[in-house]
1. Any idea what diffusion coefficient the stretch 397-442 gets from Stokes-Einstein, in µm²/s, Kirkwood Rh on alpha carbon pairs, 37 °C, 0.692 mPa s?
2. Going by the alpha-carbon gyration tensor, a ≥ b ≥ c the square roots of its eigenvalues, is the stretch 256-318 rounded (a/c under 1.5) or, if a/c is not under 1.5, prolate (a/b greater than b/c) versus oblate?
3. Can you tell me the dipole magnitude for the chain around its Cα centre, using point charges on the Cβ only (Lys, Arg +1; Asp, Glu -1), in Debye to the nearest 20?
4. What does the C-alpha gyration tensor say about the overall shape of the stretch 92-143? Classify as rounded when a/c is under 1.5, otherwise prolate if a/b is larger than b/c, or oblate.
5. Over 18 Å between C-alpha atoms is what I'm after, so list which of Lys454/Lys526; Lys237/Lys503; Lys347/Lys377; Lys190/Lys503; Lys326/Lys377; Lys156/Lys346 land there.
6. Tell me, what is the percent relative contact order of the stretch 359-453, built from C-alpha pairs under 8 Å that lie six or more residues apart?
7. Tally Lys/Arg at +1 and Asp/Glu at -1 over every other residue whose Cβ is under 15 Å from the Cβ of Asp216; what's the total?
8. Output the 0 to 90 degree angle, nearest 10, between the alpha-carbon long axis of helix 409-423 and the longest principal axis computed from the alpha carbons of the chain.
Amino acid sequence: MSKVAHYLQEHLLGEVMTSADARRYFSTDASVLAMTPALVVYPRNENDVRKTARFTWQLAERGRVIPITARGAGTDLSGAALGSGIILSFPAHMHKILEFDSKSGVVTVEAGINYAKLQQTLHTHDRFLPPYPASVEYSTVGGAVANNSSGEKTVKYGDTRDYTRALRVVLANGEVIQTRRLNKREFSKKLGLATFEGEIYRALDALIEDNQKTIDAAISGVTKNAAGYALTEVRRKDGSFDLTPLFVGSQGTLGIVTEASLETENYTPDTALIVASFSSLEQAQAAVLELRELDDMPSAMEMVDDRLLGLVERLAPNLLKDVVKKPFARVTMLIEFDAYGDRHQKKMVKKASKILERIGAEYHIETDPSQQEKYWKIRHSSAVIVGHAENGLKALPIIEDGIVPPERFREYLEGLYAIFERAHLQAAVWGHAGDAHLHVQPFLDLSQVGDRQKVFRLMEEYTSLVLSLGGSISGEHGEGRLRAPYLAKQYGPEMYALFQKVKLIFDPYGTLNPGVKVNVSMDTVKALLRSGYSLDHLYGHLPRT
Ligand SMILES: Cc1cc2nc3c(=O)[nH]c(=O)nc-3n(C[C@H](O)[C@H](O)[C@H](O)COP(=O)(O)OP(=O)(O)OC[C@H]3O[C@@H](n4cnc5c(N)ncnc54)[C@H](O)[C@@H]3O)c2cc1C
């Protein structure tokens with residue numbers, strides 16, 4: 001065991017592991033990349049996290065950088081839950097619900113809590129946390145906060161950033177801070193602190209002050225975004241200031257989250273589901289745009305294309321038998337309205353039906369929960385693709401997270417099909433139609449040189465497509481390591497330089513998850529590409545996407 005591991009073992013309450021097995025386990029997440037850590041720490045409490053950060057800071061001051069990568073369930077699709085130094089694994093011990101305020105609906109949890117466990121507890125209070133990801137069963141809340149995760153309900157309710165009220169964060173030097181929106185007076189107190197926290201507030205305030213125009217210009221037309229640092233959200237016109245939105249989506253590169261306080265919503269499980277079939281992309285686009293205009297938006301607007309249904313029919317012939325009719329519609333959309341007991345929502349369903357009729361779509365309204373479950377299988381059948389292996393081919397998450405403004409939805413789909421044609425690819429499309437946020441996982445074999453080269457060619461073409469449509473390279477999974485080389489292309493050199501400065505303010509020695517988000521070259525990413533892809537440590541649960 002290394003000196004570092006010995007030191008940590010002596011000073012921490014939690015366990016320290018250096019076995020080859022443990023390191024191998026943590027050498028992959030759900031991405032196509034791999035990186036073996038030096039050791040794994042299972043912090044028992046915040047003090048363990050604080051001591052680990054303090055220790056690496058002191059080493060870094062003497063010129064030795066040991067990266068720390070915070071880790072939840074390791075379901076990250078962007079390679080951001082990987083690191084070459086210390087993995088801080090939260091789910092083992094730091095997984096408690098600390099407080100639920102039934103009046104405000106705010107829940108405070110430790111970072112390693114399983115998302116589904118929290119959701120079940122909230123349901124017993126008739127509340128829920130809307131931006132849950134499809135990986136809800138096996139991912140953590142800390143991971144969702146760090147990735148600004150979102151999911152099927154985001155179209156109506158927003159993303160994780162919208163629900164994160166406050167955080168407890170261990171800074172790079174081991175200092176612990178509490179974030180929340182500060183009014184002018186509270187903020188000026190922070191500016192006066194003679195601590196690292198004070199330094200951060202001062203430096204960030206000056207950075208925003210000097211670059212307000214560049215920051216304002218970075219606001220894009222997409223409905224959600226997990227790429228870059230959310231500098232636009234920190235300082236408001238009323239003079240208030242909040243570090244919380246910056247930590248959300250920062251993928252462990254600015255600080256380590258130990259606790260999160262999140263707002264919740266009334267749980268409204270009575271829903272009406274409209275299953276709509278569109279014979280053309282134009283029809284589907286018109287539906288998305290018109291449904292988004294309703295005064296109360298659908299709580300989900302999810303889609304699959306005919307290629308996905310064709311693949312599912314071949315790979316799992318009984319799964320959708322009697323659920324979808326052939327020939328498959330070009331696009332099938334599941335449009336959900338929650339709180340259906342409410343008269344207002346019934347009116348919304350009527351309005352949505354009128355829109356669909358006018359557009360010429362076929363549709364069916366389902367209010368019986370057991371029948372709805374049957375129809376939701378259409379969308380969830382994408383899991384068949386994700387879990388499938390055939391002659392070494394696997395569905396790879398390499399171009400799976402681009403989002404464009406909703407009015408470019410049709411062009412996005414057309415562009416994707418053109419990429420598939422050019423590359424002679426077997427690929428299908430599914431995802432969050434209401435946000436024009438689509439998932440694609442082409443079948444490739446990472447043991448083949450030709451396919452390995454194809455990975456990067458496809459990423460290049462795909463990124464160009466998404467950016468040419470005014471989109472973002474990441475709607476919810478984060479740019480992490482995999483997409484980080486494209487961040488400058490998305491934001492332009494000035495905003496990218498600000499991201500680099502933000503990183504430097506919070507992490508001057510580069511100990512916090514380096515190689516993620518900023519300062520990443522494509523050559524470094526290429527060197528991390530796995531020789532085979534598998535979701536093996538996630539098969540305890542159905543890998544819904
Ligand atoms: C099949 C499948 C489906 C998915 N569907 C979705 C989806 O619908 N929506 C979506 O948004 N994502 C989705 N994802 C991606 C991923 O599951 C989510 O982003 C999830 O929220 C990550 O949680 P985790 O606990 O696994 O985090 P990890 O993978 O362990 O970590 C994710 C990132 O968060 C950082 N991190 C973790 N804990 C902390 C902490 N305490 N402090 C600071 N940083 C921390 C890590 O360093 C890493 O950068 C999916 C993944 C898979 C495999």
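1. Calculated translational D: 309 µm²/s.
2. It comes out oblate by the Cα gyration axes.
3. Here the chain has a charge dipole of around 740 debye.
4. Taking the square roots of the gyration eigenvalues as a ≥ b ≥ c, the stretch 92-143 is oblate.
5. Long pairs (Cα-Cα over 18 Å): Lys237/Lys503; Lys347/Lys377; Lys190/Lys503.
6. After rounding, I find 30 percent.
7. Result for the neighbourhood of Asp216: 0.
8. 80 degrees
Any read-out appearing in this document is the output of simple, stated calculations on the displayed coordinates, not a laboratory observation. Bear in mind that the values here come from a model prediction, so they are computed numbers and not experimental data. Ideal geometry is used to build each Cβ from the backbone, glycine not excepted, and the neighbour counts take in all protein chains shown.
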